[in-house]
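Chemist: Submitted below is the structure of interest, expressed as structure tokens.
The values are calculated or read from the model by the stated rules, or taken from the named source; none is laboratory data. If you're wondering where the values come from, they're calculated on a predicted model, not measured in any experiment. No Cβ is skipped: glycine too gets one built from the backbone with ideal geometry, and neighbour counts run over all protein chains shown. Note: areas computed on protein heavy atoms with side chains; ligands, DNA, RNA excluded. Shrake-Rupley method; radii C 1.70, N 1.55, O 1.52, S 1.80 Å.
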Amino acid sequence: MRTKIKDILTSEQVDYSVNLKGWVRSFRNNQFIALNDGSIIHNIQVVINPETTDESLLKSIQTGAALSIEGTVIASQGKGQTVEVVANSVTLLGECNPEEFPLQAKNRPSLEYLREIAHLRFRTNVFGAVFRVRHSIAYAIHKFFNDKGFVYLHTPIVTASDAEGAGEMFRVTTLPFDNPPRLENGEIDFTEDFFGKSTNLTVSGQLEAELAAMAFGEVYTFGPTFRAENSNTTRHLAEFWMVEPEVAFNDLEDNMNLAESFIQYIIKHVLDNNMEDLKFLDERLINEEKQKPANERSEMGLLEKLQFVIDNQFERITYTQAIEILLQSKPYQKKQFKYDVAWGIDLQSEHERFLVEKHFKKPVIVTDYPKDIKAFYMRLNDDGKTVAAMDILAPGIGEIVGGSQREERLDHLTKRMAEMDIPTAEMYWYLDSRRFGTAPHAGFGLGFERMVLFITGMTNIRDVIPFPRTPKNAAF
Ligand code: 4AD
Ligand code: MG
């Protein structure tokens, strides 16, 4: 039976036998192995006797090598740890050539370099912490909804619909791209394609989730989504995971309350369960910020920020109020914004950052956007100009959640679709939800990686998903 290092380090017990399996992080004085097995950020110190250990085995104890160790847990003789393991026998499971293995203890590889060796970066402290926290967030999401009685719905990954109407999709086809079958008018004949129609990778599971919400009341999706937008930023991925709850009978305010309590629940779960990793990430961020000029550093440390978000309510303002605040702001008046501000514009990231980081200094929910900058399914407000939309903006991240109350009135919905050139005939299945027992309902999408960014304090979204897909990059 293998004992996990986490169990040894978190229990106070000593004087018992263990079998450890893990990877060498460092080896010092031919005697002290720092062994890590991924169960916890810390290594355990394994003490071996160089006198009684085979010469060739000693040589093979290199950073990165996999070992199996039989030994006894004892109270530590040295500083820096309370317990350690005295080895009775050491078995080499897999060697690791120090001339070739890039992750040597003495190097301090940059995050950029580690991205190029993403297949190995799990073995660093930073990525160990990030991906344990990522796991914990995923678990908290399922637990939150399960405990509330939501049904987890698996929505299709290949679909013929463009949920957001954004048109930036990856096509899925088995047609030969050098010589596809064509109609008489020269257009590609998709009836010959695998699904008999043009299909793409999903940009959102929302439309399908709405259908299920009209039966279960409360559902959520949690799956991969794909966007072929050519956005090379620290906040965008071409393949990212999204969580989309959809709730029958909820209005916009219920939707905001759900989203706010959801985010706070996730953060609390991680604070309760991943403190070792968070402390490490907190220090990592402090060190990273030392490179920045003082006025660009965050006002709060990571742990302080997370605690602040669960202790304080989010600010709630309408889009119209947001525009007024921006028009009166110093950066607007001093012409420091790159993009213009006027009612009707899509808020740019510089505007969102000003509202969240400078003006309110807390997460902000912006509601009731102009209908022309939002998707067709959002419910039209009585003013005829705005829709019941909500975006949640988080410090350092920008938009972390996008959602709305949905247009449940068939006549309003079909009118809006016609205005936006969305074919109603093909979308009969979506419109059926408005024909057969329609009801008010609302939902939102949380960008999972943006949530992981926020909680880990990492600054590039490529560093919080194991194998990022971004423009011109699909390695591994
Ligand atoms: O605002 P979005 O586009 O909303 C929807 O897709 C709705 N169907 C959600 C719903 O109401 N059910 O995307 C939702 C969230 C954004 O707020 C952002 O956090 C994240 O998904 N997101 C991305 N994350 C990483 N990379 C990208 N390219 C992203 N695009 C959106
Ligand atoms: Mg959005």
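Chemist: Divide, for segment 215-299, the radius of gyration over alpha carbons by 2.2 N^0.38 Å, where N is the residue count.
Modeler: 1.51
Chemist: Sticking with this one: Leaving ligands, DNA and RNA out of it, report the carbon-plus-sulfur percent of the accessible area of segment 272-381 at a 1.4 Å probe. Kindly include the intermediate steps, with their values, before the conclusion.
Modeler: Values: 2890 of 6300 Å².
Reported share for carbon and sulfur atoms: 46 percent.
Chemist: Just to check, using Stokes-Einstein with a Kirkwood Rh over alpha carbon pairs, what's the diffusion coefficient of the chain at 4 °C and 1.567 mPa s in µm²/s?
Modeler: Working: Rh = 25.5 Å.
Estimated via Stokes-Einstein, D reaches 51 µm²/s.
Chemist: Let me ask something additional. Label-point separation (nm) for residue 108 and residue 211, each offset 7 Å from Cα along Cα-to-Cβ?
Modeler: Spacing of the two 7 Å Cα→Cβ label points: 5.4 nm.
Chemist: For the chain, with the dipole built from +1 on Lys and Arg beta-carbon atoms and -1 on Asp and Glu ones, taken about the Cα centre, which of 137, 256, 122 lies farthest toward the positive end?
Modeler: 122
Chemist: Separate question: When the chain is fully extended, how far beyond the present Cα-Cα distance does residue 337 get from residue 185, taking 0.36 nm per residue of separation? Display every interim value, and only then the final one.
Modeler: Details: separation 152, 0.36 × 152 = 54.72 nm, distance 4.78 nm.
Additional length available on full extension: 49.9 nm.
Chemist: For segment 5-106, go through all pairs of different Cα atoms, get the mean of 1/r, take its inverse, and jot down that Kirkwood value in Å. Let's see the in-between values first.
Modeler: Values: mean 1/r = 0.0733 Å⁻¹.
About 13.7 Å, per the Kirkwood formula over Cα pairs.
Chemist: On a full-extension model of 0.36 nm per residue, what is the gain between residue 148 and residue 101, subtracting their alpha-carbon distance, rounded to one decimal in nm?
Modeler: Values: separation 47, 0.36 × 47 = 16.92 nm, distance 4.73 nm.
Gain on stretching residue 148 to residue 101: 12.2 nm.
Chemist: For the pair residue 170 and residue 360, what calculated FRET efficiency results from E = 1/(1 + (r/R0)^6), where r is the Cβ-Cβ distance and R0 = 51 Å, to the nearest 0.05? All intermediate terms of the calculation are to be shown ahead of the outcome.
Modeler: Values: r = 37 Å, r/R0 = 0.72.
After rounding to 0.05, the efficiency reads 0.90.
Chemist: Accessible area per residue, 1.4 Å probe, Å², for the chain: what's the number?
Modeler: Working: 23860 Å² over 476 residues.
Ligands and nucleic acids excluded, the result is 50 Å² per residue.
Chemist: Roughly what percent of Cα-Cα pairs across segment 331-375 reach past 15 Å? All intermediate terms of the calculation are to be shown ahead of the outcome.
Modeler: Working: 493 of 990 pairs.
Here the tail beyond 15 Å accounts for 50 percent of pairs.
Chemist: Kirkwood Rh, Cα Rg: Rg to Rh for segment 326-476? All intermediate terms of the calculation are to be shown ahead of the outcome.
Modeler: Details: Rg = 18.5 Å, Rh = 17.9 Å.
Ratio of gyration radius to Kirkwood radius: 1.04.
Chemist: Tell me, what is the percent relative contact order of the chain, built from C-alpha pairs under 8 Å that lie six or more residues apart?
Modeler: Details: 826 pairs, mean separation 62.7, N = 476.
Reported as a whole number, the value is 13 percent.
Chemist: A further question follows. Scattering from the C-alpha atoms of segment 1-65 alone, worked out with Debye: what is log10 I(q)/I(0) at q = 0.15 1/Å?
Modeler: Debye output, listed in q order: -0.48.
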